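Here's the structure, in structure tokens; my notes come after.
The values are calculated or read from the model by the stated rules, or taken from the named source; none is laboratory data. Everything quoted here is computed from the prediction, not taken from an experiment. Every residue, glycine among them, receives a Cβ derived from its backbone with ideal geometry; neighbour counts consider all protein chains shown. In case anyone asks, the SASA skips ligands and DNA or RNA and just uses the protein heavy atoms, side chains included. Shrake-Rupley method; radii C 1.70, N 1.55, O 1.52, S 1.80 Å.
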Amino acid sequence: MDDVDRRIGARSFARLLGDWRPPDGRGLAGALADRVRLLVLDGRLPLQTRVPAERELAGALGVSRTTVAAAYDALREAAVLRSRRGSGSWTQLPDDPITGTTQSPFSPHGDRSLFDLAHAALPAPSAELRRAAAGAVHDLDALLGGHGYDLLGLPALRTAVADRFTQRGLPTTPDQILVTAGAQSAIGLVLAAFTGPGDRVLVEHPTYPNALDAISARGARSVPVPMGTSADGTGSWDLDQFATAVRDVAPRLVYVIPDFQNPTGAVLGAAGRERLVDLTRRTGTPLLVDETLAELALDGPLPPPVATFGDSAQLLTIGSASKVFWGGLRTGWIRGSAATVRRLAALRASIDLGGPALEQLVVARLLPEVEAVTATRRAELVAARAHLLERVAELFPRWRPSHPTGGLSLWVDLDEPVSSRFAVAARRHDVLLAAGPRFGLDGAFERRLRLPYTLRPDRTDDALERLLLAWHGLDHLDTGASAEPVAVA
């Protein structure tokens with residue numbers, strides 16, 4: 001792997017590490033190595049980043065150089081760091097000790113010994129997906145005579161997405177839709193169109209981690225606006241703070257998740273949606289609305305699309321088939337004005353030449369069935385949410401989980417700032433977690449944990465029993481056990 005210019009300063013590294021010291025003050029080197037490993041494996045510390053020299057980091061952390069040297073030695077042994085004499089040390093992913101290949105960011109396919117609570121995602125609705133896939137194979141015949149490249153997306157899917165927006169109260173035509181390879185691809189394309197290196201992007205705090213990563217990869221800067229906490233433990237938007245931030249920061253883009261916000265589960269009310277649209281319209285600030293979870297209302301009607309409160313060329317909405325149907329479809333979309341869609345399509349040619357046709361045909365057949373699929377999903381998720389809340393109250397009485405009205409996960413207050421250490425401990429018991437700071441900036445949310453209710457009840461019970469063992473063992477961590485990279489969805 002070639003060296004790159006990316007590096008992190010000692011003070012920035014210290015802020016990213018957060019409160020990493022064990023409460024008894026013992027085993028500092030092991031605790032430091034564990035925290036750095038977690039930062040690398042869950043993506044908070046990018047790969048190929050040059051870490052500070054031992055003496056510099058020791059000074060920033062207020063520990064001895066011997067402590068940092070021992071931690072770096074442990075990280076090199078675990079293949080999380082690679083060093084070159086006289087040049088420094090860089091982060092990397094460890095290799096699998098058996099195959100010698102770089103470990104996957106996700107749990108091994110079909111490995112039931114791992115309990116994946118890092119992904120707020122559901123298995124496919126098998127009957128509906130198989131039926132749609134069979135029909136899509138038949139539909140594919142009509143496309144085989146062409147070249148297969150389409151920057152805008154297949155007309156059948158653009159029509160299906162537009163029809164769904166219209167059904168939800170937002171009249172939409174197919175020329176207002178651009179199909180992407182998932183919502184993450186949509187976020188990246190919008191960032192490429194509206195931002196550049198050094199530009200500011202206003203975000204909720206906490207927010208979707210992969211959006212933060214995309215902003216960073218663009219060279220832009222995330223400006224966080226804190227979410228408050230509502231009576232149900234989810235979250236709330238302080239739109240006065242949003243207005244102040246827009247005025248003071250002059251962001252090039254505002255990114256929000258108003259529907260069952262990831263990770264808090266909050267829902268922005270109608271008055272808040274109207275005020276947000278008015279704010280961005282008056283200031284001429286582009287607004288990117290992430291509706292990936294909008295179809296997953298559990299306790300009431302679907303929230304109205306934000307654009308129903310004032311559609312404009314500055315307002316873009318993204319959605320995805322991943323949460324409602326299946327992540328393996330890797331199909332998303334952007335809704336905007338027809339002119340904005342054409343602009344995005346022209347820019348897209350430098351990124352990719354369109355999505356896979358067969359998956360688009362599958363989603364085009366699934367979308368007309370979305371209400372039937374979500375009705376089944378809703379019944380399952382309501383039961384799963386109730387079960388998880390009950391078991392958490394029983395096993396972890398000090399934890400304070402949110403009670404979201406939709407979406408796929410709880411946002412849990414752990415009552416103490418141990419989220420990253422807990423994620424390390426959980427992996428030693430074969431449970432994958434996304435630590436709270438993964439959803440924020442500069443090490444925030446160490447008291448928080450996102451806990452999905454997407455496993456079957458028996459799997460949930462087994463995972464929670466293992467988490468209980470990890471929780472009780474927090475003061476006895478060592479650096480000897482291996483960990484896997486954990487991506488978040």
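Among the numbered conditions (1) open to solvent by 40 Å² or more (accessible area, probe 1.4 Å); (2) modelled with pLDDT under 95; (3) touching a Gly at 6+ places or on another chain (Cβ under 9 Å), the only one that SER113 does not meet is (3). Yes or no: the stretch 253-265 includes at least one residue that is over 17 Å from PRO404 (Cβ atoms), touching a helix residue (DSSP H, G or I) at 6+ places or on another chain (Cβ under 9 Å) and among the hydrophobic types (A, V, I, L, M, F, W, C). Yes, the stretch 253-265 contains a residue that is over 17 Å from PRO404 (Cβ atoms), touching a helix residue (DSSP H, G or I) at 6+ places or on another chain (Cβ under 9 Å) and among the hydrophobic types (A, V, I, L, M, F, W, C). Of the residues making up the stretch 74-94, at least one is surrounded by 15 or more Cβ atoms within 10 Å (Cβ to Cβ), closer than 24 Å to ILE215 by Cα and modelled with pLDDT under 85.
Determine, yes or no, whether ARG398 is surrounded by fewer than 19 Cβ atoms within 10 Å (Cβ to Cβ), at pLDDT 95 or above and closer than 26 Å to ALA78 by Cβ.
no
Across the stretch 324-341, the number of residues qualifying as closer than 24 Å to ASP311 by Cα, out of contact with any strand residue (DSSP E or B) (no Cβ under 8 Å at 6 or more places or on another chain) and either in contact (Cβ under 8 Å) with a residue 40 or more places away in the chain or hydroxyl-bearing (Ser, Thr, Tyr) (or both) comes to 2. Would you pick out the residues in the stretch 377-433 that are touching a helix residue (DSSP H, G or I) at 6+ places or on another chain (Cβ under 8 Å) and aromatic (Phe, Trp, Tyr)? Listed by number, the residues that qualify are PHE396, TRP399, PHE422. Scanning the stretch 245-292 for residues that are hydrophobic (A, V, I, L, M, F, W, C), touching a residue at least 40 places away in the same chain (Cβ under 8 Å) and open to solvent by less than 20 Å² (accessible area, probe 1.4 Å) yields ALA245, VAL246, LEU253, VAL254, VAL256, ILE257, PHE260, ALA266, LEU279, LEU288.
Of all the numbered requirements in (1) within 18 Å of ARG448 (Cα to Cα); (2) open to solvent by less than 50 Å² (accessible area, probe 1.4 Å); (3) free of Cβ contacts under 8 Å to residues at least 24 places away in the same chain, THR234 misses one, and that requirement is (3). Only residues that are open to solvent by 10 Å² or more (accessible area, probe 1.4 Å), touching a Ser or Thr at 6+ places or on another chain (Cβ under 8 Å) and either acidic (Asp, Glu) or at pLDDT below 95 (or both) were counted in the stretch 401-439, giving 1. For first residues located in the stretch 161-178 and at pLDDT below 95, partners that are aromatic (Phe, Trp, Tyr) and lie 6+ apart or on another chain with Cβ distances below 6 Å do not occur. Residue count for the stretch 187-212, restricted to those that are over 15 Å from LEU288 (Cβ atoms) and either in contact (Cβ under 8 Å) with a residue 24 or more places away in the chain or crowded, with 17+ Cβ neighbours inside 10 Å (or both): 4.
Evaluating TRP20 against the criteria (1) assigned to a helix (DSSP H, G or I); (2) open to solvent by less than 20 Å² (accessible area, probe 1.4 Å) leaves one unmet condition, (1).
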